[in-house]
Amino acid sequence: MKTPPRHPNTQIAISSPRSISSLPGFLVFAIAVLFSVLLAISPALAQNKPVLSQFIDKLPAASLVDGADGYGPITENLPVAPILKNGDQIGWAFITSDFVGTTGYSGKPIHVMVAVDQDAKIIGVKLVKHSEPIVLIGIPEARIAALTEDYIGFDLAAATNDSDHDLNIISGATVTIMVIDDSILRSGIKVARSLGLGGISAPATSNAPQFELNMDATAPDDWFTLVGDGTIRRMSLDVGQVNNAFAAMEDPRAVERPIEAPAEEAFIDMYVTLVSIPAIGKATLGERGYNNLKAWLKEGEEAILVTARGQYSFKGSGYVRGGLFDRIQLIQGDMSVRFRDRNHRRVGDIMADGAPELKEMDLFKIPADSSFDPTQPWRLELLVHRDIGAIERLYTTFDIGWQPPASFLRRITPATPVASAASSADVEADEQAAKTALWQRIWRDKTVEIVVLSIMLLVLTAAFFFQGVLTRSAKFTFWFRICFLTVTLVFLGWYANAQLSVVNLMALTNSLVTGFTWEAFLLDPLTFILWFSVAAALIFWGRGAYCGWLCPFGALQELTNRIAKFFHVPQWTLPWGLHERLWAVKYIIFLGLFGTMLASIDQAEKLAEVEPFKTAIILKFDRAWPFVLYALVLLGAGLFVERFYCRYLCPLGAALAIPARIRMFDWLKRYKECGSPCQNCAHECMVQAIHPTGEINPNECHNCLHCQVLYQSKTICPVVIKKLKRQESLLASMEGAQKALNRTKTTKSNPKENS
């Protein structure tokens, strides 16, 4: 059996507007409806054709297999096509996504064309289409393509007997590589079995007894017995075992950075079981928890419980909403399942008596179309990595095998489908109670972060309510703002990753369309609190409360600009006419993203990379160079034009500015002389949100309070200066009158002196 070579895993004609406007309204509406119907129908029609038919004319046979000169017609019953050389058939070509699920991190299929010969050996592989953002922009596609071509020579017949093989991982694209590997192997084996290649044939009908789940079985109610009889399977790895596994690798760098801990120290203590079996579900989750599980699962779906403690996480710190859990996969025969966030739920507590203190407790749903058989053995594969450089990693795997104990199976003669259990009338109430308990537990885990954020919000609210007192001192206001922005950047941004994004609004809109639940939003406490505070602030102060004080990237822009000013970097003030027109750019970007989201939320999320937030805040610039360069260019522009990105490009700012007009209070004080003739505030506003006529634009104002400092300034504001002069003049007049009065009184009291 030839395996892919081992390599170091390195990071590697439109009508004119006039003609359209002249059409009757109903005709325009009819055209729009027809266009929408066509958009809806076209994907459905495309699904009736094999994916192979879309690419077979685009990829020459010689590009897939050296020496090949053409393809034969696609077969009628199986989406494969003969590969021809000098008129003779040398193999079969197919697209992986015609046979297995190939959904990547982007949520879209990764299409790989594979060629196999009569011996079930891979003779050609080409990555033909994908939507993986990490590959589209982050990692050179040539590296992914080169890795897929390493499968040439892979023996699928041998793989049916030994599913383990060396898997080359490119750090940063773990999910993508694992999906490609899984799709090539599983689809290749399916094609080989269907065509009888390499002696592989479809499994013969067995006369062995068949089984179904015994829904009336009972399970022990204590953790020790559940683990002891195999109902729950355990894998305990210590540091020494993991170090030895990497030491056994051929790459000598695997032993250069061992885990610095005692060999007997726990690396991970992991437990798995199939909780969709009623007895097991009730024993581990409790009656209420199992009812919630039943309500979550649809007909044909199963679920596993995965729990663990120790220094290694089976979920991984790099997991983000919308992605895959790239450290675990379920394998049963030649079928494998990787879990996405939508098929995942956290568990609030394990109800079995004697359950240990577990760091991670999670449920993972197995889709109905995965061909998973709950009566057959399966294993959960854990991927463990080791850093061997700044951006390089090596990987190894460990397995937990599971099979249903005999007491949970019942022998049957013909295989009959098991009817799914109907949910009870109280499931809805139980579900809500479980969700509440779960998010409360998560909030308890984030107590420190929540307390600090709450203090920040209280301080900021007090500053706004008592802004007249705060802004009496320009120096105090300046340092208060600098300190607050520093906390926003370092704590909210780089530490807690609480950076709001236009993607959050897309997720909210999509949730409202597909079925809104609070659970998904409550599971991220800081983001939830920030969005709630933003909603409240829009009523009182508009968008400025967040954009001017709580946005980590905005804070980064302003702090770097302050440093630039300290070093006397020239500051550019754009002409008002140009500045006013550039305001519109961010609204155009936001509306473009919103329109794209209505068609494809995945595409909109990729286009939302116009926000540099992920690069500069979430990933702290540890990203592919185009992303880093883009963020640095925006920050560089902000050195000369204060808050350049906020002013002209930020779609989140545009989204918040649209409802900013609903604010019910006008806290920023102005004089009637502001704008006519005085222009001091307009000239010193950091985002030029004050019109030459003196009005403050609430859509653009960041509530920095500098105009309120100037409002009370005794040295800058002409109104205050004039008022002080009048007071001084009046005071001088009163003092003169008082002196004259005193002299008069003195004269009257001493008439002899006067004579």
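The values are calculated or read from the model by the stated rules, or taken from the named source; none is laboratory data. Just so it is clear, the structure is predicted and the values come from calculations on it, not from any experiment. For neighbour counting, all protein chains shown are included, and Cβ atoms are generated from backbone atoms with ideal geometry for every residue, glycine included. Accessible surface is based on the protein model in full, side chains and every heavy atom, while ligands, DNA and RNA are left aside. Shrake-Rupley method; radii C 1.70, N 1.55, O 1.52, S 1.80 Å.
Solvent-accessible area of Ser676, all protein chains in place: 80 Å² (probe radius 1.4 Å, heavy atoms, ligands and nucleic acids excluded).
For a straight C-alpha distance cut-off of 20 angstrom, the lysines reachable from Lys49 (same-chain residues fewer than eight places away being disregarded) are Lys58, Lys108, Lys129, Lys190.
Per-peptide packing, taken as the mean over residues of other Cβ atoms within 10 Å, places 401-408, 362-369, 473-480 in the sequence 362-369, 401-408, 473-480 from highest down. Of the GluC sites (Glu not before Pro) found in region 275-310, those in coil by DSSP whose Cβ has at most 11 other Cβ atoms within 10 Å are Glu299. The gain in end-to-end length when the Val469 to Leu591 segment is fully stretched comes to 39.9 nm, 0.36 nm per residue minus the alpha carbon separation.
Summarising the amide proton neighbourhood of Ile412: residues at separation of 5 or more, or on other chains, whose placed amide H is nearer than 5 Å comprise Gln210, Phe211, Glu212. Can you classify region 198-294 as rounded, prolate or oblate using the Cα gyration tensor, where a ≥ b ≥ c are the square roots of its eigenvalues, rounded means a/c under 1.5, and otherwise it's prolate if a/b beats b/c and oblate if not? Since a/c reaches 1.5 but b/c is at least a/b, the shape of region 198-294 is classed as oblate.
Could you list log10 I(q)/I(0) for region 478-620 at q = 0.12, 0.20 Å⁻¹, which the Debye formula gives when each Cα is one point scatterer? The calculated log intensity ratios at q = 0.12, 0.20 Å⁻¹ are -0.61, -1.47.
Counting heavy atoms of the protein chains alone, Cys483 has an accessible area of about 80 Å² for a 1.4 Å probe. The lysines whose alpha-carbon is closer than 28 Å to the alpha-carbon of Lys475, local same-chain residues fewer than 8 away aside, are Lys565, Lys669, Lys672, Lys714, Lys722, Lys723, Lys725. Show log10 I(q)/I(0) for region 649-735 at q = 0.20, 0.22, 0.26 Å⁻¹, two decimals, from a solvent-free Debye sum over equal Cα scatterers. Cα-only, vacuum Debye calculation for region 649-735: -0.94, -1.06, -1.29. A simple spin-label model places pseudo-atoms 7 Å from Cα toward Cβ; at Leu512 and Arg581 they are separated by 3.3 nm. The length gained on full extension between Gln738 and Met235, counted as 0.36 nm times the residue separation minus their Cα-Cα distance, comes to 171.5 nm. In this calculation the C-beta distance from Ile482 to Ala266 is compared with R0 = 51 Å, giving a FRET efficiency of 0.70. Measuring nothing but alpha carbons in region 568-694 and taking Rh as the Kirkwood radius, the Rg to Rh ratio lands at 1.03. Net charge dipole, region 239-304: roughly 420 debye, given to the nearest 20, about the Cα centre with Cβ charges of +1 for Lys and Arg and -1 for Asp and Glu. Here the Karplus relation 6.51 cos²θ - 1.76 cosθ + 1.60, evaluated at θ = phi - 60°, turns the backbone of region 467-472 into coupling constants of 5, x, 6, 4, 8, 5 Hz, with x for every Gly and Pro. For Ile177, the accessible surface of its heavy atoms amounts to roughly 0 Å² (probe 1.4 Å, protein chains only, rounded to the nearest 10).
A simple rule links phi to the HN-Hα coupling: the Karplus curve 6.51 cos²θ - 1.76 cosθ + 1.60 with θ = phi - 60°, which for region 608-615 gives 5, 5, 4, 7, x, 4, 4, 5 Hz, with x for Gly and Pro.
How would you classify region 261-383 from its alpha-carbon gyration tensor, with a ≥ b ≥ c the square roots of the eigenvalues: rounded for a/c under 1.5, else prolate if a/b is greater than b/c, otherwise oblate? Since a/c reaches 1.5 but b/c is at least a/b, the shape of region 261-383 is classed as oblate. Taking amide H as placed 1.01 Å from N in the peptide plane, the amide H of Ile388 sits under 5 Å from that of Arg393, Leu394, each at least 5 places away or on another chain. Once both labels are positioned 7 Å from their Cα atoms along Cα-to-Cβ, the gap between Arg726 and Asp341 label points is 5.9 nm. Accessible area per residue for region 541-652, computed on protein heavy atoms with a 1.4 Å probe, is 43 Å².
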